[in-house]
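To start, the structure under review is shown below, and the notes come after it.
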Amino acid sequence: MTTTKGGLADVVAGQTAICTVGHAGDSLHYRGYSVSELSQHASFEEVAYLLIYGELPNLQQLKQYKQSLHSLKGLPQPICHLLKSMPATAHPMDVLRTTCSMLGTLEPVSANHTAQDIANRLLMLFPAALLYWYHFHLEGRSIDVMVEADSIAAYFLKLLLGKFENTIALHELIEKTLDISLILYAEHEFNASTFTARVCVSTLSDIYSGLTAAIGTLRGPLHGGANEAAMSLIQEFETAQAAEKGILQKLQDKKLIMGFGHRVYKTRDPRSDIIKAQSQKLSVALKDKKIFAVSQKIEEVMRAQKGLFPNLDFYSASAYYFCGIPTILFTPLFVISRLCGWTAHCIEQLQNNKLIRPTAEYTGPSPKPFVPLNDR
Ligand code: COA
């Protein structure tokens, strides 16, 4: 008989040296560094390096890393053709999943093109592919992806918004918010998509297969898709008062409120306060009177009624909204960041590999004699 709860809750399914989730008062550490300190003092590129290479870079290493990232910007012609041929109605997560798989055929893994090289390439290629597809289908134009930018956050914003000057105070705040959000989303132990990637590479399949499978897993609203679902929920309400009434009704109807609750954290998601503070700063800067107030009211009702706290996805939704990012690009941003964690886990899995293949408790019929076709 099975001894586990549903959904493998509380099951320790392996070992990792990459990340601790919730083990010390609902905190989060990447390779020993608290995510709160990383988000205050480091850039996303430093965190990407930490996850992909195992150590924080020194000044020289960071400079070289950023230079090498920016040399990896281009989109191969076959990828441009592929992006143009995908329908405008496709979900951008499907666009990234398909692009990832296609790149695996064009730039396959080899001794000279390792998992680390591939992660770096995808850090630059995913924003370019996503926004190339987005502008082509929305405005019928092929954008130039070879623009100058001194961070991945700035690169994404320049490709999305065209004119983006991070010398303007508001743009600086927007870039900082996106950079922090990429840090917060970068890694989270044995979450569903990371576990998927580890299962995949444990068969000795390649990293592209692991990442492609992980993107498909992240897409669902119980996982990465929650930030888009949270935004749709927030936008249902015109006022905080309407939000209170609406959420109470949804709870009465036993509906899930997206962006709340967590499988591992029990009292708080340590990332939520960090992104909430950024969302609040942007709300003030943009003189928003609705979105942040509605969000806060939803949080208040969820705490009072269900004792549930917002997870990272809830205030990421309003933060991204204030950054001018369309809702359909929220979960793809999560991909751009989490690919660092996925890569770190794939590498770790393969360093001490054992095929991941659990067993199941059988609940079907007892053995019975075969009935020939004509007698059925
Ligand atoms: N809205 C309403 N009720 C919720 C809820 C939410 N977001 N999250 C959990 N609950 C309730 C469940 O209905 C359940 O109530 P019950 O005991 O009366 O049946 C109880 O809280 C325990 O939840 P459970 O579904 O067992 O927790 P889980 O560990 O299986 O699920 C999540 C964790 C994250 C999947 C779940 O909280 C959820 O669906 N959240 C919304 C989606 C989301 O934000 N995902 C991103 C996660 S980072």
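The values are calculated or read from the model by the stated rules, or taken from the named source; none is laboratory data. No experiment lies behind these values; they were computed from the predicted model shown. Neighbour counts are summed over all protein chains in view; Cβ atoms, including those assigned to glycine, are modelled from backbone coordinates with ideal geometry. Side chains are part of the model used for accessible areas, which takes the heavy atoms of the whole protein and leaves out ligands, DNA and RNA. Shrake-Rupley method; radii C 1.70, N 1.55, O 1.52, S 1.80 Å.
Odds and ends about this structure:
Rundown of residues vs (1) in contact (Cβ under 8 Å) with a residue 12 or more places away in the chain; (2) in a loop (DSSP other than H, G, I, E, B); (3) within 20 Å of residue 9 (Cα to Cα), yes/no style:
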| site | (1), (2), (3) |
| --- | --- |
| 236 | no, yes, no |
| 243 | yes, no, no |
| 247 | yes, no, no |
| 263 | yes, yes, yes |
| 269 | yes, yes, yes |
| 273 | no, no, no |
| 278 | yes, no, no |
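- Scoring residue 277 on the criteria (1) within 8 Å of the ligand (Cβ to nearest atom); (2) surrounded by fewer than 21 Cβ atoms within 10 Å (Cβ to Cβ); (3) among the hydrophobic types (A, V, I, L, M, F, W, C) leaves a single failure, condition (1).
- Enumeration of residues in the stretch 297-322 that are polar (S, T, N, Q), assigned to a helix (DSSP H, G or I) and within 12 Å of the ligand (Cβ to nearest atom): 305, 316
- Being within 23 Å of residue 22 (Cα to Cα), within 16 Å of the ligand (Cβ to nearest atom), assigned to a helix (DSSP H, G or I) and of a type outside the set (Asp, Glu) is a condition met by at least one residue of the stretch 158-181.
- Pair list, Cβ under 6 Å, 6 or more apart: the stretch 151-178 residue open to solvent by 70 Å² or more (accessible area, probe 1.4 Å), other residue not basic (Lys, Arg): 165/171; 172/166
- On inspection, residue 293 fails the criterion of being assigned to a helix (DSSP H, G or I), within 14 Å of the ligand (Cβ to nearest atom), touching a residue at least 12 places away in the same chain (Cβ under 8 Å) and open to solvent by 20 Å² or more (accessible area, probe 1.4 Å).
- Of all residues assigned to the stretch 42-52, at least one qualifies as being charged (D, E, K, R) and under 27 Å from residue 153 (Cβ atoms).
- In the condition set (1) open to solvent by 50 Å² or more (accessible area, probe 1.4 Å); (2) touching a residue at least 24 places away in the same chain (Cβ under 8 Å); (3) assigned to a loop (DSSP other than H, G, I, E, B), residue 89 is compliant with all but (2).
- Just one of the numbered conditions (1) of a type in the set (Val, Ile, Thr); (2) touching an Asp or Glu at 6+ places or on another chain (Cβ under 7 Å); (3) more than 20 Å from residue 250 (Cα to Cα) is not true of residue 284: (2).
- Number of the condition not met by residue 206 [criteria: (1) of a type in the set (Asp, Glu); (2) touching a Gly at 6+ places or on another chain (Cβ under 8 Å); (3) within 15 Å of the ligand (Cβ to nearest atom)]: (3)
- Candidates 251, 256: the one that is part of a helix (DSSP H, G or I) and near the ligand (Cβ under 8 Å from one of its atoms) is 251.
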